[in-house]
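To keep things clear, I will list the structure first and then write my remarks on it.
The values are calculated or read from the model by the stated rules, or taken from the named source; none is laboratory data. If you're wondering where the values come from, they're calculated on a predicted model, not measured in any experiment. Reconstructed Cβ throughout: ideal geometry from the backbone, glycine too, with neighbour counts over all protein chains shown. Ligands, DNA and RNA are stripped out before the accessible areas are found, and what is left, the full protein with its side chains, is counted by its heavy atoms. Shrake-Rupley method; radii C 1.70, N 1.55, O 1.52, S 1.80 Å.
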Amino acid sequence: MPHSHAEGTTPDRSAPAAGLRRVLVTGGGTGIGLAVCEAILAGGGQVVAVGRRSEPLQAIAARYPGQAHALVADLAAPEQREGLLARGRALMGGLDGFVHSAGYVAHEAPGSISEAALRAQIEINLVAPLRLGEQALELLEDGGGMVFVASTLAVRPVLTSAVYSAAKAGLIEAMKVLALAGAPRGVRASAVLPGVVDTDMIRAPAPTRDGQNESPSEVERRVERLRALHPIGRLGATSDVAACTTYLLGAHWISGASITIDGGLLLRE
Ligand SMILES: NC(=O)c1ccc[n+]([C@@H]2O[C@H](COP(=O)([O-])OP(=O)(O)OC[C@H]3O[C@@H](n4cnc5c(N)ncnc54)[C@H](OP(=O)(O)O)[C@@H]3O)[C@@H](O)[C@H]2O)c1
């Protein structure tokens, strides 16, 4: 006799998997976070996209009326983090997933590390995701999932990444503790570690030695050097990272995992 899903019913294949129904995504207006939102929305889920700039958030909310919601907040400010996931849950009528994609990198070599950039990177890459993860532990439905966007720089730093690497490495360890804490309710936490992904973050003109900003051709040359570091021969697409993230949100026996998604970058010596 063929296996039937449930007596007298057929499975609803249009319903999003648990963990993917109602998801709050920080950094959801741009780059990797936006691709995560789009993947969830395409699967029939709802999202609350969070960031500082209203415009990109309103753009996704306008494209998916009633399905995508915008929440403007500076997550580096403790008072703006307060109650954030509760607000997201109220907008969607529940909370099954949490993705922290908001992040900031300032490349500075030892000796030139500015205090402001140090504090800003620790706050958005480590403190905010841990604090929001604590909120998620309380508010996620049983079996829900959280995914934190870390970086290959967490495990393979470069000369200019001391603070960013330390913050993302700390985030991975904090994620494991959240995974332990959530396990009794089936609430899972994992991290993705992207290599270089083609987003605003890498295309923003970097400061040059003469105190100027890179010209467009200098940006192109730098991006080309970054591309060449990846054995698979291309930069990551935001959809590459989104596919892995949504997989983890819905994977009910994966918790505490760190998945590199890097075109083979870490294979290199
Ligand atoms: N691109 C890469 O090569 C790469 C590689 C490894 C890891 N990552 C990580 O991937 C994540 C997403 O980055 P991305 O590449 O997609 O670049 P992105 O488009 O610049 O995304 C960063 C997002 O974070 C939000 N954000 C930054 N600071 C915030 C704050 N204080 N409060 C609220 N939101 C804030 C930004 O929105 P607002 O500016 O509007 O606030 C933006 O939407 C980051 O965590 C980054 O560290 C990126």
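Listed values, structure above:
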read-out: Cα radius of gyration and Dmax for region 64-158 (Å); value: 15.5, 49
read-out: Size of electric dipole in region 78-127: Cβ of Lys, Arg +1 and of Asp, Glu -1, about Cα centre, debye, nearest 20; value: 180 debye
read-out: Heavy-atom surface of region 167-269, accessible at 1.4 Å and reported per residue (Å²); value: 54 Å²
read-out: Evaluated over region 181-269, the Cα radius of gyration and Dmax, each in Å; value: 17.0, 55
read-out: GNM result for the chain, Cα springs below 10 Å: residue of T199, T208, T26 fluctuating most strongly; value: T208
read-out: Under-5 Å amide H pairs with I259, H placed in peptide plane, nonlocal only; value: A191, V192, L193
read-out: Residue of S161, S54, S215 that the Gaussian network model of the chain assigns the largest fluctuation, springs spanning Cα pairs under 10 Å; value: S215
read-out: Order of exposure, largest accessible area first, which applies to K176, K168 with probe 1.4 Å; value: K176, K168
read-out: Ellipticity estimate at 222 nm from DSSP helix runs (n ≥ 4, -39,500 (n - 2.57)) divided over the chain, nearest 500; value: -11500 deg cm²/dmol
read-out: Highest-fluctuation residue, I113, I60, I32 considered, GNM on the chain with Cα pairs under 10 Å; value: I113
read-out: Electrostatic dipole magnitude of region 124-176 [Cβ: Lys, Arg +1; Asp, Glu -1; Cα centre; debye, to 20]; value: 380 debye
read-out: Inter-label distance for R63 and E79, nm, one decimal - labels placed 7 Å from Cα along Cα-to-Cβ; value: 3.4 nm
read-out: Only Lys, Arg (+1) and Asp, Glu (-1) charged, at Cβ; the chain dipole about Cα centre in debye; value: 180 debye
read-out: Average projection area in nm² (convex hull over Cα atoms of region 96-152, one quarter of hull surface); value: 4.5 nm²
read-out: Surface share of carbon and sulfur [accessible, 1.4 angstrom probe, percent] for the chain; value: 56 percent
read-out: Rg/Rh (Cα only; Kirkwood hydrodynamic radius) as it applies to region 59-113; value: 1.13
read-out: Region 185-269: trypsin sites (Lys or Arg not before Pro) in DSSP loop, at most 12 other beta carbons within 10 Å; value: R209, R234, R268
read-out: Cα-based equivalent ellipsoid of the chain: semi-axis lengths in Å, sorted from largest, via gyration tensor; value: 32, 20, 19
